[in-house]
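Data first, discussion second: the structure below is written as structure tokens.
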Amino acid sequence: MTDRAPAVLEVLECSEDRVLKQPPGTRPEPQLSLPVRSAKRPFVKNVILARLCMRQLAAIGECLEPVVLKERMILQEPRRPVEHVYFIESGLVSLRVVAAGSMLETAVISYRGVVGTSFLWGGHLSTHQSVVVFPGTAHRLRVEDLRRIMKAHPDIRDNLFDYIQALTFQCVQTGLCGVRHHREQRLASWLCLASEAIDARVLPVTHDYLSSVLGLRRAGVTETLTRFEEQGLIRKMRGVLQVDEPKALEEKACCCYKLVSAAYAASSVRTLKEDHVS
């Protein structure tokens, strides 16, 4: 599998990388087996991979495989064996509960996270359906390979558990939001979270999609979005919503947006501090 690594982890010049540069006069670590073209760290956007030290990234990079995420592509089905995990680089994946012919979204996963982490709890079957909402790219890794790598590098498991804590919080908070908060608050919160997740203001979503994942009537979604547009917060186009005033839209959102956003931010604090020390 090592012949796949160069296609997955392309070395780029990145002046903002905080942990990659080695001190002057030091040699590259001999354990580093990831193919690179310089002593600098390979650039990855996925937050979890970006936190790893070079040795850990080299170990995991040998088994990663690039995947193009196409819209509506199903990465995992409920009650099916979990064979791969997907470290998202770009795009957005919807995590859903599916039962009795109906569906409800519990979380969205972007470059901040991973699809397929349920195996870490000891389960062999997926509990959710994972569907690509916005197309993008990912690094795919076999679960059995990740288990083997985590035995040799326990810090990788710790990184994943930090993320899972934030993901679990989002799932729980979404359930509370659905029964406690009004339609306008929930729509504003979803738009803010999605915009932050993909780091963009243009969201390729339709009224029908928002209605289905949030469990709202389509007419109510259209009415609320029209009101947002009249207030200058968003702009509706065919198959696309553009967020024009993100700060004002945040004021419309319920507290869930800031709570979930803060949970993901907090999940990286411990690792960032360790990276600075190491």
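The values are calculated or read from the model by the stated rules, or taken from the named source; none is laboratory data. Small disclaimer: the values here were computed from a predicted structure and weren't measured. Please note: Cβ atoms are built from the backbone with ideal geometry, for glycine as well, and neighbour counts cover all protein chains shown. Side chains included, ligands, DNA and RNA excluded: accessible areas come from the protein's heavy atoms. Shrake-Rupley method; radii C 1.70, N 1.55, O 1.52, S 1.80 Å.
Please calculate how many Å² of accessible area region 182-253 carries per residue, with a 1.4 Å probe and no DNA, RNA or ligand atoms counted. It would help to have the intermediate numbers written out before the result.
Details: 3530 Å² over 72 residues.
Per residue, region 182-253 has 49 Å² of solvent-accessible surface.
Quickly work out the Cys255-to-Arg238 label distance, labels modelled 7 Å from Cα along the C-beta direction, and quote it in nm with one decimal.
4.3
Among DSSP beta bridges whose residues both lie in region 42-180, state the antiparallel percentage, nearest 5.
Values: 28 of 28 bridges.
Of all bridge pairs located within region 42-180, approximately 100 percent are antiparallel.
Would you mind getting the accessible area per residue of region 42-180, heavy atoms of the protein chains only, 1.4 Å probe, in Å²?
Working: 6020 Å² over 139 residues.
Ligands and nucleic acids excluded, the figure is 43 Å² per residue.
Pull out the extension gain between Val202 and Thr222, defined as 0.36 nm times the separation in residues minus the alpha carbon to alpha carbon distance; nm, one decimal. Before the final figure, lay out each step's value.
Numbers: separation 20, 0.36 × 20 = 7.20 nm, distance 1.76 nm.
Separation in residues times 0.36 nm, less the Cα-Cα distance, equals 5.4 nm.
What spacing in nm lies between the two simple spin-label points modelled at Ala248 and Phe43, each 7 Å away from Cα in the Cβ direction?
3.5
Per the 1.4 Å probe, what fraction of the accessible area of region 42-180, in percent, lies on carbon and sulfur atoms?
Numbers: 3270 of 6020 Å².
Carbon-and-sulfur percentage of accessible area, whole number: 54.
Could you please put His182, His139 in sequence from largest to smallest accessible area, using a 1.4 Å probe? List each step's numbers first, then the result.
Details: His182 130, His139 10 Å².
Listed by decreasing accessible area, they come as His182, His139.
Computing the accessible area with a 1.4 Å probe over protein heavy atoms, can you report the carbon and sulfur percentage for region 182-253?
Of all accessible area on region 182-253, carbon and sulfur atoms account for 47 percent.
Taking 0.36 nm per residue of sequence separation and subtracting the Cα-Cα distance, how much length would be gained by fully extending the chain between Glu77 and Ala100, in nm to one decimal?
On the way: separation 23, 0.36 × 23 = 8.28 nm, distance 1.44 nm.
Extending this stretch completely gives an extra 6.8 nm.
Given a Förster radius of 51 Å and the C-beta distance between Gln231 and Arg148 as r, what FRET efficiency does 1/(1 + (r/R0)^6) yield to the nearest 0.05? Show your work: numbers first, answer last.
Numbers: r = 53 Å, r/R0 = 1.04.
Using R0 = 51 Å, I get an efficiency of 0.45.
With the cut-off at 1.5 for a/c, could you classify region 182-253 from its C-alpha gyration tensor as rounded, prolate or oblate?
Numbers: a/c = 1.31, a/b = 1.22, b/c = 1.07.
Rounded is the answer for region 182-253, as its axis ratio a/c remains below 1.5.
Students often check this: by mean Cβ neighbours within 10 Å, which of 75-82, 237-244, 52-59 ranks highest, and how do the rest follow? Could you put the intermediate results ahead of the total?
Numbers: 75-82: 15.5, 237-244: 13.9, 52-59: 20.8.
With the highest mean Cβ count within 10 Å placed first, the list reads 52-59, 75-82, 237-244.
Normalised by the number of residues in region 42-180, what is the relative contact order in percent for Cα pairs under 8 Å and 6+ residues apart?
On the way: 250 pairs, mean separation 44.9, N = 139.
Result for region 42-180 is 32 percent.
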